[in-house]
Amino acid sequence: MSRLDEGFPPPTACVQWCQHRSYDLHVLDDGVEVDLDWWNGHLDRAGHDLRLRGRNLDGEIVEYGGATVQRNDLRIGTDLAVGEHDSLGLLFLCAAWQGSHRHRRAMRRFPDVMNPHLSRPDENPVAKTLAVLDSCVRNRVVPEHPNSTWSGWPDAPGVGMSLMATFLWAVKASVYGGPAQLIDQYGVSTLIHEGWLEDPSVTGFTRRRYDRYVELITHWATDIGTSPELVEMWLVQRWSARLNEARNGRYTAPTLF
């Protein structure tokens, strides 16, 4: 663990909340409503041979309108992403789930994964991004040099740091700090509020800073006797609850304080 994080224990509220939550029920069943028409319309216009699907209230797969996507659906080979490339389909499903979540800071944004700097007219414009994603699926780690940027993250056009972290979690990848975990601005804001000494902007997270973040919440999870995913969820939902209290003058339920 980083020297700066020594003596930084999980808050009591985090301990109590996590100890009363179940990984299967609260993490894997964490569902959002996704606008399939919006996402598939953008996929069509971008020229991707991909289609996202979801589930209705009976759990049946649907292809149009609003549908539920659970975190458990974010996995390679999922039934909810159909197309030529499994890894690219999973990336867009991760983006749809992340951008539709009411407790998270991520906004609905269609990732432009096309390489703007093609060396040949016949080059596949998604080849660079696809190579990074396939490497993550195959090796379950983040690709290193030579396909890395100054920050240590692989050069994958259109894939931001937060989306890459969600994809890494979905393919069960690991980083130096432990198993890859989601990272959201709300969660990092909670960490900073609790006293974490780091840059508060998620968009500026380098690989090294992300590793430190993963190591911290993994260490907290071990101390609590829970999963890092539940710790990350508490961080995100606590900040969301703080915002609701400030805007609406009331606490959200369940109270995270």
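The values are calculated or read from the model by the stated rules, or taken from the named source; none is laboratory data. In this text, all values refer to a predicted model and were calculated from it rather than measured experimentally. All Cβ positions, glycine included, derive from the backbone under ideal geometry; neighbour counts span all protein chains shown. Calculation scope for accessible area: heavy atoms of the full protein, side chains included, ligands and nucleic acids excluded. Shrake-Rupley method; radii C 1.70, N 1.55, O 1.52, S 1.80 Å.
Some notes on this structure:
- Listed peptides 176-184, 33-41, 51-59, 21-29 appear in the order 176-184, 33-41, 51-59, 21-29 once ranked by packing, highest mean of other Cβ atoms within 10 Å at the front.
- Sum of -39500 (n - 2.57) over DSSP H runs of 4+, divided by residues of the chain (222 nm, nearest 500): -13000 deg cm²/dmol
- Taking max minus min of the alpha-carbon positions on each principal axis, the stretch 40-179 gives extents of 47, 40, 27 Å, largest first.
- FRET efficiency for residue 24 and residue 112, using Cβ-Cβ distance with R0 set to 41 Å, rounded to 0.05: 0.70
- As a rough guide to protection, the peptides 9-16, 186-193 ranked by mean Cβ packing within 10 Å, highest first, stand as 186-193, 9-16.
- Within the accessible surface of the chain, defined with a 1.4 Å probe on protein heavy atoms only, the carbon and sulfur portion equals 48 percent.
- Cβ-based charge dipole, the stretch 68-167, positive-most Cα from 131, 103, 77: 103
- For the chain, a crude dipole built from +1 on the beta carbon of Lys and Arg and -1 on the beta carbon of Asp and Glu, taken about the Cα centre, is about 560 debye to the nearest 20.
- Residue 13-residue 44 pseudo-label distance in nm [points 7 Å out on the Cα-to-Cβ vector]: 4.5
- In degrees, nearest ten, helix 127-139 long axis to first principal axis of the chain (Cα): 50
- Compared with the dominant principal axis of the Cα atoms in the chain, helix 86-100 is inclined by about 50°.
- Pairwise label distance in nanometres, residue 174 with residue 150, each label 7 Å out on the Cα-Cβ vector: 3.2
- Expressed to the nearest 5 percent, the antiparallel share of DSSP beta bridges inside the chain is 95 percent.
- C-alpha long axis of helix 228-248 to longest principal axis of the chain, angle in °: 80
- At a probe radius of 1.4 angstrom, the accessible area of the stretch 1-68 per residue rounds to 58 square angstrom.
- Dividing the mean sequence gap of close Cα pairs (under 8 Å, 6+ apart) by how many residues the chain holds gives a relative contact order of 19 percent.
- Förster-model FRET efficiency, 45 Å R0, residue 124 and residue 60, C-beta, rounded to 0.05: 0.80
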